[in-house]
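Every number in this text was worked out from the coordinates using simple rules, so none of it is lab data. From a predicted model like this one, the values you see are computed outputs, not experimental measurements. Every residue, glycine among them, receives a Cβ derived from its backbone with ideal geometry; neighbour counts consider all protein chains shown.
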Amino acid sequence: MNNLAIIGNLTRDPVLRYTPGGKAVCDLRVAVNGVGDAKPLYLDLATFDAQAEACAKHLRKGRQIGFVGRLVYSEWTAEDGSKRSRHSAVGRVEFLGGPPAAAGADDDAAAVDAVMGVADADAAAPPPARKPRGSRRPRA
């Protein structure tokens, strides 16, 4: 099983790039607080397509995010001939907290929600009512 779920703060502004095939990729770096006196853990993350573009547009350094994805391992040879490797993660970003209130913030929030697949809370239907359970008979 290779699952990763974290909450952390961005250590820099997101970097949006495109693959040669035109696919959007957003590179993020996040700090996750350690427990007690432990130092924070720094992770490189990536998200793709429309979500990558939304992250680049709406996220900034210091913003808290949630991330759900998987770890990946990469190896390559540097220009000087040395072998390099790193662990990173790919997956989906959840925008946590909120940006500072500003003119048009409601429009930005609606645009982010649309890209992230979040339904409008006011338009959401209430959950269906539960059916009452019948009486249980004691077992003999």
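Among (1) in a strand (DSSP E or B); (2) over 19 Å from ARG86 (Cα atoms), where does ASP13 come up short?
Every listed condition holds for ASP13 apart from (1).
Step by step: first the residues of segment 68-95, then only those that are surrounded by 13 or more Cβ atoms within 10 Å (Cβ to Cβ), of a type outside the set (Val, Ile, Thr) and in contact with a strand residue (DSSP E or B) (Cβ under 6 Å, 6 or more places away or on another chain), then the one that is nearest to ASN2 (Cα to Cα). Which residue is that? Give the derivation first.
Taking segment 68-95 as the starting set, the residues that turn out to be surrounded by 13 or more Cβ atoms within 10 Å (Cβ to Cβ) are 68-69, 71-72, 88-95.
This time we only want the ones that are of a type outside the set (Val, Ile, Thr), so: 69, 71, 88-89, 91-92, 94-95.
Among the residues that remain, those that are also in contact with a strand residue (DSSP E or B) (Cβ under 6 Å, 6 or more places away or on another chain) are: 69, 71, 88-89, 91-92, 94.
Numbers: GLY69: 8, LEU71: 7, SER88: 12, ALA89: 10, GLY91: 12, ARG92: 14, GLU94: 19 Å.
Per the stated criteria, the residue is LEU71.
Please go through segment 4-19 and pick out each residue that is among the polar types (S, T, N, Q) and surrounded by 13 or more Cβ atoms within 10 Å (Cβ to Cβ).
Correct list: ASN9, THR11.
Touching a residue at least 40 places away in the same chain (Cβ under 8 Å) and farther than 18 Å from GLY98 by Cα, is that true of LEU28? Lay out the reasoning, then the answer.
Working: touching a residue at least 40 places away in the same chain (Cβ under 8 Å): yes; farther than 18 Å from GLY98 by Cα: no.
Taking the combined requirement at face value, the residue does not satisfy it.
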